[in-house]
1. Give the residue that is surrounded by the fewest Cβ atoms within 10 Å (Cβ to Cβ), with candidates limited to residues of region B:71-111 that are outside any strand (DSSP E or B) and away from chain A (no Cβ under 14 Å).
2. List the pairs whose first member sits in region A:290-311 and is in contact (Cβ under 8 Å) with a residue 40 or more places away in the chain and under 18 Å from A:E239 (Cβ atoms), whose second member is polar (S, T, N, Q) and part of a loop (DSSP other than H, G, I, E, B), and whose Cβ atoms are under 6 Å apart, counting only residues at least 6 apart or on separate chains?
3. When you scan region A:152-234 for strands (runs of 3 or more DSSP E) that lie fully inside it, which ones turn up with 2 or more residues that are touching a strand residue (DSSP E or B) at 6+ places or on another chain (Cβ under 9 Å) and surrounded by 15 or more Cβ atoms within 10 Å (Cβ to Cβ)?
4. Can you tell me which residues in region A:341-390 are of a type in the set (S, T, Y), assigned to a strand (DSSP E or B) and within 13 Å of A:S58 (Cα to Cα)?
5. What tally of residues in region A:99-111 results from selecting those that are within 14 Å of chain B (Cβ to nearest Cβ) and surrounded by fewer than 21 Cβ atoms within 10 Å (Cβ to Cβ)?
6. So for region B:148-163 (the condition being modelled with pLDDT of 90 or more, within 30 Å of A:D347 (Cα to Cα) and surrounded by fewer than 19 Cβ atoms within 10 Å (Cβ to Cβ)), does at least one residue qualify?
7. Tell me the residue from A:G289, A:G397, A:G344 that is modelled with pLDDT under 95, of a type outside the set (S, T, Y) and under 23 Å from A:W101 (Cβ atoms), please.
Amino acid sequence: MRWGWAALLAAALLLVGGCLHSSEETSIPPLPAAGEGVDPGLGPEAQPLSSGPGYKGSPSWSPQGSRIAFTVDGYVVDRPVGTGDTRRWTTKDFVAEEAEWTSDGSLVIFGVASGPAPTHEVSRSVYRARSGEGSLGIKEVATDVLAMSPGPGGEGLIVALQTSAYQSELAMLRDSGAVDRIYTSTVGGRVTGLSLSPDGRRAVLAVRVPGARTSFELHVFGLRAGTHRTIARLGEGLEIFGAPQWTKKGICYVVGKEEAPGGGGTEPLYDLHSVTPDSGVPESTPGVGEDFVASSIRVSPDGGRLAVIGRLNPKAPINLYVLDLAAQDFEAVTTNENMEIKTGPDDLAWSPGGKSIAIVARGILSEEPHVRAAPKEALLEDFYNLYEVPVGGPEAGR
Amino acid sequence: MREAALWISGAAFAFLATAGAFLLLANLGTGPSERNLTPNPRPSESDPTLELTLNEDRLASLKALPGQELRVGVRNAGGEDISDIHLVLEVSSENTALSDARYYRKTIDELPARGFTTVPFYLDLSSPEITASGSPSALSPDPPRKIIEVRAMTPGGVSAIKTAIMPG
């Protein structure tokens with residue numbers, strides 16, 4: 001009997017030994033994302049979020065930050081921030097200029113349903129798309145739209161509508177696309193960009209006003225009272241590029257001006273200006289340096305930082321910078337090496353937690369053909385692609 | 001009673017010893033392969049035994065017209081003959097909204113070890129007409145470039161790929 005128990009014990013030890021495995025905890029690493037580990041020429045921290053051909057733009061993170069939507073040659077796609085398949089939201093003849101998430105399963109798209117690409121003077125429509133509505137099911141929810149912004153708290157949508165050649169009005173739409181409120185106080189001019197204040201109670205509008213030459217104003221619109229007032233008028237020939245951004249330290253906007261006659265070029269220069277709603281006196285944004293040439297800006301989710309794409313001076317390479325508005329600390333977060341960073345007003349986006357910024361870039365175009373040992377879908381710097389750039393700062397640890 | 005206990009304990013021992021031995025063997029067998037488990041190779045990686053070459057000077061001389069000859073070099077860098085090499089050449093636009101891809105196919109019956117051959121393709125590199133209602137490429141300030149992608153595959157799974165991006 002003693003031998004029987006000994007045999008049982010030995011067998012049990014064998015069983016336990018067999019089940020133990022030295023590498024049991026070793027996980028199989030996931031497949032690398034396209035181009036992972038490849039320095040795309042923006043610095044070692046930048047990671048690609050897309051690959052392959054196509055003219056990409058207007059990145060937008062989903063509310064949870066797990067997916068990113070963007071436009072490709074006019075149509076709208078999204079894909080997981082990690083690895084995963086790209087999902088198309090519109091037909092390929094769509095001409096979308098901007099896509100914004102209204103929830104983790106729905107997008108609003110600013111553009112026209114089929115080409116050709118409209119000019120600046122033509123109003124667009126806003127379409128709603130839901131991920132669960134089958135193949136490319138989109139619904140037009142507003143027409144004659146001049147500009148749009150996600151609503152307060154990311155819910156719904158604020159749109160500027162064209163009512164006549166130089167008259168606009170604001171409307172608030174629900175996530176479903178139904179009109180929640182139309183503001184009867186009309187704006188004397190054409191709204192070219194809008195964004196909300198950090199508390200979501202007011203909106204700042206860039207307004208092109210009628211006149212012999214280009215003339216712009218900044219308006220503040222109270223979303224509760226439905227009233228608005230002009231807070232700044234720009235000089236003739238100056239224009240506001242993109243949507244002004246309402247930060248905790250005031251309203252920032254990019255002003256474009258034609259180069260002085262005899263300057264040897266017609267490329268406009270852009271300055272970054274700030275104004276507080278109460279002072280109405282614009283000034284150069286403190287901290288960026290007087291030679292800085294700004295292209296596009298986006299305020300962080302908490303309103304404390306401003307992402308800026310631009311050049312330290314007209315001859316410097318384009319980089320992505322982050323301005324801490326309270327500390328007036330201006331830091332480059334990319335180190336551009338022969339890359340073209342897109343400078344469209346919607347070509348940058350903060351992640352919901354403020355830890356990363358998505359930008360769009362490609363390598364310098366070559367006059368000669370070049371050959372790669374990879375399929376076209378895997379190529380990065382040969383085409384405009386999205387990159388995630390991690391940024392430090394007060395929100396990074398949250 | 002004692003005999004029954006002996007039989008039961010003996011049978012249990014035999015069963016557990018066999019199971020344990022199998023587990024041990026399985027454990028020994030999976031060790032090395034788990035260490036070797038790597039992610040699937042990235043699409044950019046080609047089999048080293050098959051090499052494709054595209055002459056950049058010839059690519060630079062191609063015109064946006066039909067009938068453009070492009071010779072694709074194929075080298076068998078391995079030590080064994082390769083048969084049935086299928087070549088697929090795709091000419092497409094950088095503008096992904098356009099469905100204008102053109103495909104060309106050729107087969108190499110046999111390529112000896114360390115052998116090299118060139119395969120001529122006659123490509124139509126003209127741009128298709130774009131209707132006024134379907135030109136979203138107007139969003140891009142640059143004219144879309146042509147992309148020439150060549151893939152070589154064999155029934156045995158050997159493959160290679162090269163992609164040329166032509167200037168706009």
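The values are calculated or read from the model by the stated rules, or taken from the named source; none is laboratory data. Everything numeric in this text was worked out from a predicted model, so none of it was measured. Positions of Cβ are backbone-derived with ideal geometry, glycine not excepted, and every protein chain shown enters the neighbour counts.
1. Only one residue tops the list, namely B:G79.
2. From residues that are in contact (Cβ under 8 Å) with a residue 40 or more places away in the chain and under 18 Å from A:E239 (Cβ atoms), the pairs are A:S295/A:T343; A:S296/A:T343; A:I309/A:T343.
3. A:157-164, A:167-173, A:190-196, A:202-208, A:216-222, A:228-233
4. Answer for region A:341-390, where residues must be of a type in the set (S, T, Y), assigned to a strand (DSSP E or B) and within 13 Å of A:S58 (Cα to Cα): just A:Y387.
5. 0
6. No.
7. Exactly one residue qualifies, and that residue is A:G344.
The rows are residues; the columns are (1) within 14 Å of another protein chain (Cβ to nearest Cβ); (2) over 14 Å from the mean Cα position of the chain (by Cα); (3) charged (D, E, K, R).
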| residue | (1), (2), (3) |
| --- | --- |
| A:G304 | no, yes, no |
| A:A307 | no, no, no |
| A:P369 | yes, yes, no |
| A:L380 | yes, yes, no |
